[in-house]
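In what follows, a single structure is set out as structure tokens and then discussed.
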Amino acid sequence: MYALVDCNNFYASCERVFQPQYAGKPVVILSNNDGCIISRSEEAKALGIPMGAPEFKVRDQLKQLNVKVFSSNYPLYGDLSQRVMNILRQFTPNVEEYSIDEAFLNFDGLAIADYHDYGVQMKKRVQKWISIPICVGIAPTKGLSKVANKIAKKFQERTGGVYVIDNDEKRIKALKWTKIEDVWGIGYRLIKKVKAQHIHTAYDFTLPQHEAWIKREMGVIGLRLRSELLGRSVLELEEHQDSKKSIAITRSFEKKLSDYREIRERIATFASVCAEKLRKQQSCCYSVIVLLVKDKQRSKTKRYYYSQMENLSFASNSNITISNMAVTILEKLYEPNEVYLKAGVIVTQLLPQDQKQLHLFEDENPKHLKLMEVMDAYHRKTGERKIRLGSQDLQKTWKMKQQHLSPNYTTNIKEIMEVVCR
């Protein structure tokens, strides 16, 4: 049996852990640079606050409805997510962290008499220890556990936030209730095609007359999904996540920029962060991409979103090498007297650093390796990027607009909560 554990309105729930005065009140979370709404509490959803709405368009509405607004605080969310995952590992060692707020669990080899009661224990322990509400769906396959979780979340008053599909009658009833667009793995591009075949529910998708069409249009992925919905498990738990195939750091500027030196500083910083992430997952890259976004309304040319890729002579994860290449690309892309809104650096063609090909005539300066080790060690110890390249601004921190940011209660000793005992 598998379980899908999903944290309810995760970002909003994390903010409420340390600010319980907002429990039961409408809360929304904004994206990077306080751009748009990326998470809403149930109360905010009930007020009709749209998901993905730009903050400036709904600012007055949020004030009128007395909605509490938070900037996204990923260090806090990431730490609380790991605490939830650690609790789930107390119920089974087989846990796949599917996303920051979702996890698949496998119970093979465990003697569990009552799966519903087991799910209730999970829910109660996470709520009591972390104060994060979760819903649990349990079924014979990963695909069906997704459906079970959706039912648990939709009908929380009747299910108590835990639903188990453990027989064929429940499976068929659940599939007939589930719309095809809500099925895991059916993307928006497929919906029109699927509905044109008169497949409107997950149950329709499993009918034998559609098998040939699914095989022709969706291939093995569609057939696997159909098997999962039929209760035949074909998707195993992925406990060890593969390293990323590419790493991107893209950000909107805090203000519109035209000066080359200011844009170069941002590009050098983005490239350095990419290099840090490469070393963290023990990879190197062969290619660097730089992208620029102009102010479309003020651009003197039609080209306002463009990029360029260059290959390195050797695989690298050095801040110096990747930053130098990124700045070289920027020199080719930059156009004077233009206004820029956003930039980014992407590193691709990654390979494990222990599989790095050595070159006879040209290779990385060996001093870089020791220097990067020192920089990484200092960063891990202090949590601050105090050691930087000369092309970076030593006075600048990460220039992201976060006007509603909550403290990092669990990851920064300077922001830990103080309790007065009398």
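Could you pull out the chymotrypsin sites (Phe, Trp or Tyr not before Pro) across the stretch 144-194 that fall in loop regions by DSSP (anything but H, G, I, E, B) with no more than 15 other Cβ atoms inside 10 Å?
155
Using a Gaussian network model of the chain with C-alpha springs under 10 Å, which one of 137, 390, 231 is most mobile by mean-square fluctuation?
Maximum fluctuation in the GNM of the chain, among the listed residues, is at 390.
Please give the per residue accessible area of the chain, computed with a probe of 1.4 Å over protein heavy atoms only, in Å². Mind dumping the intermediate values first?
Working: 23400 Å² over 422 residues.
About 55 Å² of surface per residue is accessible.
Calculate the dipole size of the stretch 179-246 relative to its Cα centre from +1 charges on Lys and Arg beta carbons and -1 charges on Asp and Glu beta carbons; express the result in debye to the nearest 20. Before the final figure, lay out the partial values.
On the way: 12 positive and 10 negative charges, 82 e Å.
Using only the charged Cβ atoms, the result is roughly 400 debye.
Could you derive backbone 3J(HN,Hα) for the stretch 401-415 from the dihedral phi with the Karplus parameters 6.51, -1.76 and 1.60 (θ = phi - 60°), listing whole Hz in sequence and x where the residue is Gly or Pro?
6, 9, 6, 10, 6, 8, x, 8, 4, 10, 10, 10, 4, 6, 10
Through the Karplus equation 6.51 cos²θ - 1.76 cosθ + 1.60, θ set to phi - 60°, convert the phi angles of the stretch 291-303 into ³J(HN,Hα) values in whole Hz; use x for Gly and Pro.
10, 10, 10, 8, 6, 4, 6, 10, 6, 8, 10, 6, 7
Search the structure for amide H atoms under 5 Å from the amide H of residue 312, placed 1.01 Å from N in the peptide plane, and list their residues when 5 or more places away or on another chain.
Distant-sequence amide H within range of residue 312: 287, 288.
Skipping prolines and chain starts, which residues have an amide H placed within reach, meaning under 5 Å, of the one on residue 405, given they are 5 or more residues away or on another chain?
Amide H neighbours of residue 405, under 5 Å, 5+ apart: 71.
Can you list which of the DSSP-assigned H helices in the chain have a Cα extent of 15 Å or more along the long axis and an average Kyte-Doolittle score of at least -1.0?
74-88, 142-154, 211-229, 260-280, 319-333, 366-382
How far is the Cα center of the stretch 110-136 from the Cα center of the stretch 274-343, in Å?
46 Å
Given H placed on each backbone N at 1.01 Å, which residues far from residue 295 in sequence or on other chains put an amide H within less than 5 Å of it?
339, 340, 341
What percent do you get for the relative contact order of the stretch 1-160 when only Cα pairs under 8 Å and 6+ apart count?
32 percent
Please list 3J(HN,Hα) in residue order for the stretch 308-313, calculated via the Karplus relation 6.51 cos²θ - 1.76 cosθ + 1.60 where θ = phi - 60°; whole Hz, with x for glycine and proline.
8, 10, 10, 9, 7, 6
For Cα Rg over 2.2 N^0.38 Å, which listed value, (i) 1.44; (ii) 1.13; (iii) 1.02, comes from the coordinates shown?
Read-out from the structure maps to (ii).
Please identify every one of the chymotrypsin sites (Phe, Trp or Tyr not before Pro) in the stretch 329-368 that sits in a loop by DSSP and has no more than 11 other beta carbons within 10 Å of its own beta carbon. Display every interim value, and only then the final one.
On the way: sites: 334, 340, 361; in loops: 334, 361.
Within the stretch 329-368, the qualifying chymotrypsin sites (Phe, Trp or Tyr not before Pro) (loop, at most 11 other Cβ atoms within 10 Å) are 361.
The values are calculated or read from the model by the stated rules, or taken from the named source; none is laboratory data. What you see is a predicted model; the values in this text were computed from it and never measured. Here the Cβ is made from the backbone with ideal geometry for all residues, glycine too, and neighbour counts use every protein chain on show. Ligands, DNA and RNA are excluded from the accessible area calculation, which covers all protein heavy atoms including side chains. Shrake-Rupley method; radii C 1.70, N 1.55, O 1.52, S 1.80 Å.
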